[in-house]
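Just so it is clear, none of the values below were taken in a lab; they were calculated from the coordinates. For clarity, every value in this text was computed on a predicted model and none was experimentally measured. In this analysis, Cβ positions are derived from the backbone assuming ideal geometry, glycine residues included, and neighbour counts consider all displayed protein chains.
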Amino acid sequence: MGARVVVIGLDGATFSVLDPLMQAGVMPRLRDFVESGVRAELKSIVPALTPPAWTSLMTGRTPGRHGVFDFFRKDSPRSQHIRFQTSADIGCETLWTLADRAGLRSTVLNFPLTFPVPRIDGYVVAGGWMPWRQLRLGCHPPGLYDRLAALSGFNPRELAMDMTHEEKALEGCKQEEYDGWIDLHIRRERQWARVAAHLMCKDATDLVAVLFDGVDKLQHLCWRFIDPALEHGVTSDWERAIRDRCLDYFRELDAILAELIFLAGDEANIVVVSDHGFGSQIRTFFVNAWLEQRGYLGWVDGCASHVNDSQVLGMARLAKHVYELDWQRTKAYAPMPSGNGIHIVRADQDHPGGVTDAEYEAFRERLIGELVAVEDPVSGDRVVARVWKREEIFDGPYLELAPDLTLELTDGGLVSILGSEAVVQPRPHATGTHRPYGIFAARGPRFRRGVRVPALSILNVAPLVLYSLGLPVPSGLDGELPFETLREGTLLAHPVRYADQAEETVPHSVPAGPELSAEAEMEIMKRLRALGYVE
Amino acid sequence: MTPTRDAILEHLQQMLRELASDWDLGEAITPDTLLFSQLGFQSLDIVVLGTALQERYEREMPFAELFANIGQRQVRDLSVGELAEFVKEHVGVSATP
Ligand SMILES: [Zn+2]
């Protein structure tokens, strides 16, 4: 028997890019799939960021309940140290652990936070921060790596993370590097597709979930060549060539989707989803520089690394502001360039400049008021659309690990954590950044055909997958089963079963990931920069 | 039962041998093999290896201290034998409930 449910993840995919590609014949197979099934926009969680969003998709829970807020994890709620985030940091059941408990088998390929690999019945190849040299350790069951290594064209360096490739992309502004970066992602998607196809042919499990992350990577680096709204700016021969190469990527992706959809067969329920959408960012808000100007943040040597320094001084300076803050003078700071989160420092022995419990509420209110008043000096527009207090967007046992404040910028962008004379600056080119609305398209025996439904939440996906697997839907999930996606008669033929979720969190058999050294932290910063997160 | 230093070293060498064969590395893995300069590890590789070792021995280990220690050395490197020693020190301590 083939797979019952196939989940294909396209990191960062958005209909504003895919619709024109489908119409123009670049992605004809995806167009057929979307048109013959049910489609919707898919609203991500806050923050609309890869690790927490995919974790919400695979658990059906918000970050306060699953515990993943960013690319890193604070060592403890009030600590400035960050830890390597592992599968042990997911504080609840995932689709595959639930399937495993119910006696179903799963294949899970390239999802973040799957290392150490969950010992489920089926297959796992870890994604996210899995370095290629240790990919063998990220494969489950034992022997899987050797099977994959025997596939023609198998190359662990391209399948998993290779810092030397990422470092190349760091200097990614060089024109000659673009081609290679795009080609690498074409090869990378082919590698994952080959692995998925091999396992689906040889031993199809009940659930197959495979994640392709090239869409996000290309959109971060090449947004101005990909966004249809910016096409008028693609004028030089080089720019046109890069745009064509990006289209080649999407053509390849279309072929891969077609193959996986074919292998899944007509009996499978297939869901194509993304973790967030994409859009343009037109300016940079240097949030730590702003905090410094307001007297809420101090660097040890009095000055942070600046934008231009990062080219000259390298990553050592770029990363240092994360751990070389002057705790005599720092009340608030943004530690990472990814989640738009501000952490308020609480006063104690090590942080004499921090905010006391008595001051906290008033300080937080003042900061919110001052943040929403920040203006773009050129246009006069507000820069910060909204500031969320932690408890307004998060709930659950991991609430304390969340940033105290999370910003939503008016241009939808991400803050910069570097130093700068001007706290707001226009960008020379619009760059690609995450947006809340991603994609959802589903086809199969249980789904409606040829319809568009209003936006769904990423939290609706887990109950939908569980239901389609024939499993009960746990009562503690944060999203509902999206009935509007189901074909008439499906509910009568397959009534929904609900199950009480006995425990809110899962006791871990696996210890938490190690605290990061300064150097490892720097490598993380490098990688984030390669991914387009540090300007 | 607490594993012996030799058992830990043997397991670590075996693990690294398997990994190294995936990179077509000609060198043999001995207790003296250096992780950074000879195996080409980066800090994140050690973090990932550390995560795997913690899982295997079901124990959290203070890798931050180990990193700090390496950072102070003249030659910033770590041998397979030293890593085994570090693991031994921490699996030898009885698990906290
Ligand atoms: Zn993403």
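Observations, loosely collected:
- Local electrostatic count at A:His232 - Lys and Arg +1, Asp and Glu -1, tallied over other residues with Cβ under 15 Å: 0
- The overall shape of the range A:7-46 is prolate: from the C-alpha gyration tensor, with semi-axes ordered a ≥ b ≥ c, the ratio a/c is 1.5 or greater and a/b exceeds b/c.
- Averaged over peptide B:49-60, the number of partner chain Cβ atoms lying within 10 Å of each residue's Cβ comes to 6.
- Dipole of the range A:281-431, positive end: most advanced residue of A:Ala373, A:Pro337, A:Thr356 [Cβ charges, Cα centre]: A:Pro337
- Compactness index (Cα Rg / 2.2 N^0.38 Å), chain A: 0.95
- Electrostatic bookkeeping for A:Tyr360 treats Lys and Arg as +1 and Asp and Glu as -1; over the other residues with beta carbon under 9 Å from its beta carbon, the sum is -2.
- Relative to the dominant Cα principal axis of chain A, helix A:214-226 is inclined by about 70°.
- In degrees, nearest ten, helix A:518-530 long axis to first principal axis of chain A (Cα): 70
- Shielding by partners - mean other protein chain Cβ count within 10 Å, residues of A:129-139: 5
- Think of the protein assembly as shown as a dipole: +1 on every Lys or Arg Cβ, -1 on every Asp or Glu Cβ, centred on the Cα centre; then among A:Phe71, A:Thr114, A:Ile439, A:Ile439 lies furthest on the positive end.
- Range of Cα positions in the range A:369-452 per principal axis (Å), largest first: 58, 38, 21
- Shielding by partners, peptide A:83-90 (average Cβ within 10 angstrom, other chains): 3
- Selection among A:Gly413, A:Gln80, B:Phe36 by position relative to the dipole of the protein assembly as shown gives A:Gly413 as farthest towards the positive end (Cβ unit charges, Cα centre).
- Note on chain B: GNM, Cα springs under 10 Å; of B:Gln74, B:Gln14, B:Gln42, the largest mean-square fluctuation is that of B:Gln74.
- Of all the options B:Ser37, B:Ser79, B:Ser21, the one that moves most in a Gaussian network model of chain B with Cα springs shorter than 10 angstrom is B:Ser21.
- Phi-derived couplings, Karplus 6.51 cos²θ - 1.76 cosθ + 1.60 at θ = phi - 60°, listed residue by residue for the range B:47-60: 4, 5, 4, x, 4, 5, 5, 4, 5, 4, 9, 6, 8, 7 Hz, with x used for Gly and Pro.
- Long-range HN-HN contacts of A:Ala499 with modeled amide H, under 5 Å: A:Val473, A:Ser475
- Relative contact order, whole percent, for chain A stands at 28, derived from Cα pairs under 8 Å and 6 or more residues apart.
- C-alpha long axis of helix A:237-264 to longest principal axis of chain A, angle in °: 40
- Chain B - mean residue ellipticity at 222 nm from DSSP helices (-39,500 (n - 2.57) per run, n ≥ 4, rounded to 500): -18000 deg cm²/dmol
- Each residue of the range A:290-297 is assigned a 3J(HN,Hα), and the resulting list reads 5, 4, 5, 4, 7, x, 9, 8 Hz, derived from the Karplus form 6.51 cos²θ - 1.76 cosθ + 1.60 (θ = phi - 60°), x at Gly and Pro.
- When chain B is treated as a GNM with alpha-carbon contacts under 10 Å, the residue of B:Val87, B:Val48, B:Val75 showing the greatest mean-square fluctuation is B:Val75.
- Residues A:Thr205, A:Thr410, ranked from the fewest to the most other C-beta atoms within 10 Å, line up as A:Thr410, A:Thr205.
- Cβ crowding within 10 Å ranks A:His220, A:His351 as A:His351, A:His220, fewest other Cβ atoms first.
- Within the shell of other residues whose beta carbon sits under 11 angstrom from the beta carbon of A:Asn340, the net charge comes to -1, with Lys and Arg scored +1 and Asp and Glu -1.
- Footprinting exposure proxy for A:Met130, A:Met161, A:Met58 (fewest neighbouring C-beta atoms within 10 Å first): A:Met161, A:Met130, A:Met58
- Global geometry of chain B, whether rounded, prolate or oblate, following the gyration tensor of its Cα atoms and the 1.5 cut on a/c: oblate
- Residues whose amide H comes within less than 5 Å of that of A:Arg427, counting only those at least five positions distant or on another chain, are A:Arg283, A:Thr284 (H built at 1.01 Å from N in the peptide plane).
- Distances between placed amide hydrogens fall under 5 Å for A:Arg386 paired with A:Glu408, all partners being 5 or more residues away or on another chain.
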